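Quick notes on the structure that follows.
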Ligand SMILES: [Ca+2]
């Protein structure tokens with residue numbers, strides 16, 4: 001029902017609202033603006049413990065005149081039982097303090113127990129790969145979380161977690177991303193060793209725990225002068241690559257028997273570069289000013305007189321690494 005002077009209305013929806021074991025919930029915050037002018041709303045969505053899982057404000061909180069808006073986000077929900085999520089929005093200070101026009105909405109998500117004795121993977125996600133320039137190379141870490149669930153009535157022990165060697169980093173390996181085949185010399189991408197955190201652990205009955213798998217990545221900055229060594233790398237900013245790996249582990253529910261478990265994770269991962277890295281690399285190719293100017297790098301680079309030939313070896317082998325590592 002719309003009150004006499006109500007400026008806006010809100011609702012919160014979730015999908016799905018029921019799970020076995022847990023998983024990813026997609027939330028939709030729906031806002032309707034009854035005013036003849038745009039509204040700027042501020043607020044949050046919190047879980048049953050009052051922890052904020054999503055903040056709303058700025059551009060996202062701007063609702064067009066006489067218009068509606070949906071704000072979507074996802075969140076991982078684990079733990080058997082009912083989980084209540086609450087939305088709060090107001091047109092004043094974003095705080096539930098009686099000041100401004102304030103509205104609440106809520107939605108409930110139920111996680112049901114799963115019966116069985118076998119370990120179950122109930123979710124996974126890989127973070128963006130973010131390259132930064134350190135020690136004369138572009139460095140990043142691929143990081144993926146796998147959520148494991150214990151459906152049994154006993155405590156479950158997990159150990160001997162390992163990633164199989166035949167993993168794939170998709171297009172990141174052959175450097176043929178959105179801008180077309182890019183001619184980066186072979187051997188530019190180096191990978192380290194997979195680590196798992198934690199290495200072994202217990203999961204309580206009907207509970208979920210996550211493992212983080214990490215792989216260090218490095219793209220060497222030393223490339224013979226082509227006028228654009230790292231410019232090829234920069235071309236990947238905002239591109240996606242497909243990551244695939246298989247992990248194995250052993251688990252036991254305390255009866256002295258150990259079982260082998262294996263699963264394959266496949267995800268699309270966004271590749272991003274540190275803003276200063278991008279700025280410097282675009283400068284290298286001569287069109288920095290129109291791309292993504294970074295205040296810091298502009299000042300420093302201005303000092304270094306950028307009329308320098310972008311292909312000059314002094315830039316590649318000394319100046320650029322110096323700037324990148326000291327900004
Ligand atoms: Ca308020």
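The values are calculated or read from the model by the stated rules, or taken from the named source; none is laboratory data. Note that the coordinates shown come from a computational prediction; the quantities given were computed from them, not determined experimentally. Cβ: placed from backbone, ideal geometry, glycine included. Neighbour counts: every protein chain shown.
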Worksheet, complete the sentence: Counting only residues in segment 15-25 that are at pLDDT 90 or above and surrounded by fewer than 17 Cβ atoms within 10 Å (Cβ to Cβ), the one farthest from residue 42 (Cα to Cα) is identified as 18
Fill in: Hits in segment 77-100 - residues which are within 15 Å of residue 13 (Cα to Cα), away from the ligand (no atom under 16 Å from the Cβ) and in contact (Cβ under 8 Å) with a residue 40 or more places away in the chain
77, 85
Item to complete: Look at residue 90 and say whether it is over 25 Å from the mean Cα position of the chain (by Cα) and either more than 30 Å from residue 253 (Cα to Cα) or not assigned by TED's automatic domain parsing to the domain that holds residue 59 (or both).
Response: yes
Fill in: Matching residues in segment 61-75 - criterion: being free of Cβ contacts under 8 Å to residues at least 40 places away in the same chain and buried (at least 16 other Cβ atoms within 10 Å of the Cβ)
61, 69
Worksheet item: If we scan segment 134-141, do we find a residue that is surrounded by fewer than 18 Cβ atoms within 10 Å (Cβ to Cβ), under 22 Å from the mean Cα position of the chain (by Cα), more than 16 Å from the ligand (Cβ to nearest atom) and not in a strand (DSSP E or B)?
Response: no
Worksheet item: Mind checking which residues of segment 44-65 are touching a strand residue (DSSP E or B) at 6+ places or on another chain (Cβ under 6 Å) and not in a strand (DSSP E or B)?
Response: 47, 48, 57, 60, 61
Worksheet item: Just wondering, is there one or more residues in segment 59-76 that are at pLDDT 95 or above, outside the structural domain of residue 153 (by TED's automatic domain parsing) and within 16 Å of the ligand (Cβ to nearest atom)?
Response: yes
Worksheet item: Hey, residue 100 hits all of (1) surrounded by fewer than 16 Cβ atoms within 10 Å (Cβ to Cβ); (2) not assigned by TED's automatic domain parsing to the domain that holds residue 172 but one; which does it fall short on?
Response: (1)
Item to complete: Quick one: residue 41 ticks every box in (1) touching a strand residue (DSSP E or B) at 6+ places or on another chain (Cβ under 7 Å); (2) at pLDDT below 95; (3) surrounded by 13 or more Cβ atoms within 10 Å (Cβ to Cβ); (4) closer than 30 Å to residue 9 by Cβ except a single one, so which number is it?
Response: (2)
Fill in: Residue match in segment 112-130 (condition: touching a helix residue (DSSP H, G or I) at 6+ places or on another chain (Cβ under 9 Å), part of a strand (DSSP E or B) and surrounded by 19 or more Cβ atoms within 10 Å (Cβ to Cβ))
yes
Practice prompt. For segment 175-184, indicate whether the set of residues that are exposed (fewer than 13 other Cβ atoms within 10 Å of the Cβ) and at pLDDT 80 or above is non-empty.
Written response: no
